[in-house]
Amino acid sequence: MGFQAYQGEGWLLTKAEQLINWGRSRSPWPFPYGTACCGIELMAALASSYDMARFGAERVGFSPRQCDVLIEAGTITKKMVPVLKTIYAQMAEPKWVIAVGACACTGGVFRTYSTQQGIGSIIPVDVFVPGCPPRPEGILYALLKLLDKIQEDHPLYKKRQEVAEALEAGK
Amino acid sequence: MDYDPVCQIDRDPDDLVTINIGPTHPAMHGTLRVIAKTDGETIVSAEPEIGYLHRGVEKLGENFTYHQFIPLTDRMNYCSAIASNVAYEMAVEKLMGIKVPPKAQLVRTIMMELARIADHQVLVGILGVDLGALTPFFYLIIQREEIYDIFEWYNGARLTNTFGRIGGVNADLPDKFHEKWPTLRDTIRKANEETDALLTKNRIWLDRSVGVNAFSAEDALNWGFTGPCLRACGVKRDLRRDEPYMFYDQFDFKIPVGKHGDVFDRYMIRMEEMEESVKIIDQAYAMYQEMPEDAPLMAKVPKIIKPPEGECYHAIETPNGELGFWIRSDGSDKPYRIKIRPPCYMVYQAFGELVKGDMISDTIACLSSLNIIAGELDR
Amino acid sequence: MSLKERVQRCLGDDVIAITEYRGDLGIEVPKGNIVSVLTRLKEDETLGFDFLTDLFGVDNLDYYAKKKKKPKKKAAGEEELVEEEEDKGPPPPRFEVVYLLQALKTNERLQVKIRVPEDDMEVDTITTIWKAADWPEREAFDMFGFKFRGHHNLRRLLMWDEFEDHPLRKDYPLEGKGEERHLSYD
């Protein structure tokens with residue numbers, strides 16, 4: 001963000017997109033969806049020793065409607081797949097997904113009849129964190145990576161494109 | 001009955017309201033689900049539904065070799081993976097008739113009791129969080145990190161340790177353990193005292209936990225309870241004392257027993273057990289120090305494990321209760337069938353009975369106090 | 001008196017076979033008598049097996065297939081009388097249900113087994129004796145397809161309701177047959 005302060009009253013010069021991205025990347029509200037072992041490490045990452053709140057993920061929400069980042073930590077079984085899809089659909093835009101752990105990324109060691117082989121085929125995932133389970137530092141690093149990604153987002157361009165497409169379709 | 005396709009439950013035309021709690025409810029620990037019929041705020045009947053974390057561990061076990069199965073036992077009870085590892089290893093050792101060297105047994109005892117403390121700390125912290133007391137969680141989790149440091153020094157993993165091998169342990173206690181333990185013992189006690197001061201005599205805490213979900217001893221035995229949940233009901237039963245394995249018959253420790261089987265008793269039992277575990281580690285560590293430096297850590301075990309044909313069951317007392325493995329071998333290098341007897345499976349099936357007649361908010365307290373670990377429950 | 005003798009005295013003719021391996025005593029009883037056998041074991045004063053540790057199924061499909069290929073080479077003593085007979089007669093029933101019992105007073109353990117043929121999967125429920133058998137029986141139904149006669153709520157436990165197969169059977173592949181779970185919101 002271009003930030004220029006002059007003496008006196010001062011004023012701020014920026015692009016609307018950068019302002020939006022700046023705001024978004026400072027307060028990603030996580031939805032901790034811990035299903036298995038990784039959930040315990042996610043808990044450690046949120047708690048006092050690692051303190052994810054330092055990066056703006058202060059408010060841990062348990063309602064998908066009020067959250068931005070779905071942190072999916074743990075195995076997703078085939079029985080759980082419809083639930084995960086519903087949760088993702090309930091989240092309001094803009095929304096991002098972090099898949100934590102080998103099970104969420106690829107199914108991990110559980111290549112069995114009941115385990116979904118990675119959540120990438122069900123919902124779009126922004127950051128994958130390998131490890132079984134990853135250390136809390138790994139989860140924090142994934143959050144930082146996601147913040148970088150948010151910074152490079154084009155929220156208005158997307159909107160403009162949607163409007164253009166809608167107009168096109170209208171014709 | 002109207003069928004509600006969104007929640008997949010039948011709506012009752014009577015006055016009873018059917019509500020669906022979970023599987024993503026914040027107090028349902030991720031994968032548990034309860035379908036409750038309520039009259040006002042009182043629960044008339046509750047039926048837990050499980051299987052949202054069924055990963056096919058038993059089927060995988062039939063396709064893995066005996067050593068390959070050890071990492072899977074980590075992922076069953078992930079709060080105290082070491083106890084699950086040792087339970088499985090001891091079952092295979094019984095199947096093969098291996099005698100584990102005493103020094104390895106002491107290393108196992110020390111690590112298992114550390115895992116027990118870590119498990120109970122998570123439980124007490126989460127129980128506090130679910131009942132609205134956030135502070136003890138932060139005290140305990142810092143403490144737990146120090147225990148995880150020891151696990152990490154041992155073999156690099158914090159949570160899923162893959163501790164030990166069939167026939168012993170692969171490494172001695174880490175060097176740093178000897179410096180760390182005297183201070184760690186004090187900090188564990190201090191964290192427990194802080195938690196104790198914050199919770200045990202707290203008026204709100206007592207209101208939320210005393211007399212909630214009381215359960216009688218006969219019912220508990222009938223439902224197959226084991227571990228702290230059974231002891232809270234007043235049954236003095238602990239496999240460490242009743243079927244002693246390793247050196248537990250030589251250690252001096254109390255078995256805390258509750259009276260009413262309510263949430264408060266379950267909480268107190270865990271708090272006291274942490275204290276007893278510290279005592280056990282002290283005694284085991286004293287015995288360990290008397291062992292010669294080069295005492296063996298592994299029994300003589302063939303490289304490829306092929307137990308003779310047969311089947312046996314072996315159970316030990318893990319933080320949650322009796323964790324048993326029934327293994328049938330057909331003489332090949334893979335188990336023919338592994339059946340895991342998880343402790344919280346038996347406890348959770350009585351959940352409907354436990355919460356009947358209580359308030360909805362009490363179900364949350366009840367669920368947390370039972371310490372249901374989904375990985376172990378669904379396998 | 002050893003546990004073996006006490007069990008034999010208590011059950012009499014109901015004991016078809018006795019196995020002992022690494023100190024674990026296992027008995028096989030007829031399928032139809034399981035409820036009365038377990039009740040007698042529970043109520044007998046010298047035994048008092050009053051705690052049900054677990055209940056589960058075993059599929060012996062591969063076990064006997066392998067047995068046929070290479071006849072036993074080891075000396076007898078490990079796996080008992082039943083297999084010695086099986087060379088002559090028809091193959092034994094495919095499934096087994098194993099009950100693990102424990103006596104709380106004496107801390108003794110006992111395995112009780114029944115054999116269940118594939119064409120008659122009905123087994124009497126023991127939820128009338130121990131409530132603890134509720135979920136284990138549902139799981140055995142889910143994983144192997146045993147039909148527990150008299151169980152009050154015999155639904156699938158671990159897999160979803162629309163699932164058709166029984167995954168722990170030996171002829172079911174580890175990675176499944178490509179089942180997916182779909183919920184329709186109509």
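Before moving on, here are some points about what is shown:
- Taking θ as phi - 60° and the Karplus parameters 6.51, -1.76 and 1.60, the scalar couplings of segment B:59-64 work out to 5, 4, x, 6, 9, 9 Hz in sequence order, x denoting glycine and proline.
- Put B:His29, B:His260 in order of accessible area, highest first, and with a 1.4 Å probe you get B:His260, B:His29.
- Degrees, to the nearest 10: A:136-151 long Cα axis against longest axis of chain A: 40
- Each listed q (0.12, 0.15, 0.17 Å⁻¹) maps to a log10 I(q)/I(0) for segment B:61-188 from the Debye sum over equal C-alpha point scatterers, namely -0.49, -0.73, -0.89.
- Over segment B:268-379 - Rg/Rh using Cα atoms and the Kirkwood inverse-distance radius: 1.11
- Using just its DSSP H runs of length 4 or more, each adding -39500 (n - 2.57), chain A gives a mean residue ellipticity at 222 nm of -12000 deg cm²/dmol after division by all residues.
- C-alpha center-to-center spacing [segment A:98-129, segment C:1-61] in angstrom: 45
- Net charge of neighbours whose Cβ lies under 13 Å from the Cβ of B:Ala350, counting Lys and Arg as +1 and Asp and Glu as -1: -3
- Relative counts (whole %) of C-alpha pair distances in the protein assembly as shown, using bins that are 20 Å wide: 16, 49, 28, 6, 1, 0
- The lysine pair count for segment B:234-379, using Cα distances under 26 Å and pairs eight or more places apart or on different chains, is 12.
- Of all stretches in chain B that contain no GluC sites (Glu not before Pro) in a DSSP loop with at most 14 other Cβ atoms within 10 Å, the longest one is B:42-292.
- Computed helical MRE - 222 nm, chain B, DSSP H runs ≥ 4 contributing -39500 (n - 2.57), nearest 500: -14500 deg cm²/dmol
- Modelled spin labels at B:Glu275 and C:Lys105, positioned 7 Å past Cα toward Cβ, are 3.4 nm from each other.
- Lys/Arg +1, Asp/Glu -1 at C-beta; the protein assembly as shown dipole; positive extreme among B:Ala36, A:Gly74, B:Tyr348: A:Gly74
- Taking every residue in B:340-350 and counting other chain Cβ atoms within 10 Å of its Cβ, the average works out to 3.
- Shape analysis of segment B:226-286 places it in the oblate category; the axes a ≥ b ≥ c from the Cα gyration tensor give an a/c of at least 1.5, with a/b not above b/c.
- Charged side chains reduced to their Cβ positions (Lys and Arg at +1, Asp and Glu at -1) give segment B:246-285 a dipole of some 120 debye around its Cα centre.
- Segment B:49-114-segment B:335-354 distance, computed between alpha-carbon centres (Å): 16
- Rounded, prolate or oblate (a/c below 1.5 giving rounded, otherwise prolate when a/b exceeds b/c) for chain A by Cα gyration tensor: oblate
- Mean Cα-pair separation over length for segment B:106-179, i.e. relative contact order, pairs under 8 Å, 6 or more apart, %: 28
- Solvent-free Debye scattering, log10 I(q)/I(0), computed from the Cα coordinates of chain B at q = 0.06, 0.07, 0.10 Å⁻¹: -0.24, -0.32, -0.65
- Dimensionless Rg/Rh of segment B:202-360 - Kirkwood Rh, Rg from C-alpha atoms: 1.07
- A straight line joining the Cα centroids of segment C:87-137 and segment A:28-71 runs 45 Å.
- Segment B:162-232 shape via C-alpha gyration tensor axes, a/c threshold 1.5: oblate
- B:Arg33 contributes about 10 Å² of solvent-accessible surface, heavy atoms of the protein only, 1.4 Å probe.
- Long-range amide H partners of B:Glu49 with built H, under 5 Å: B:Arg33, B:Val34, B:Ile35
- Entries of C:Lys4/C:Lys147; C:Lys113/C:Lys170; A:Lys78/C:Lys177 with Cα pairs more than 22 Å apart: C:Lys4/C:Lys147
- Across peptide C:154-160, the mean count of Cβ atoms from other chains lying within 10 Å of each residue's own Cβ comes to 6.
- Volume per residue for segment B:192-248 equals 102 cubic angstrom (convex hull of Cα atoms).
The values are calculated or read from the model by the stated rules, or taken from the named source; none is laboratory data. From a predicted model like this one, the values you see are computed outputs, not experimental measurements. Every residue, glycine among them, receives a Cβ derived from its backbone with ideal geometry; neighbour counts consider all protein chains shown. The accessibility values were calculated without ligands, DNA or RNA, using every heavy atom of the protein model including side chains. Shrake-Rupley method; radii C 1.70, N 1.55, O 1.52, S 1.80 Å.
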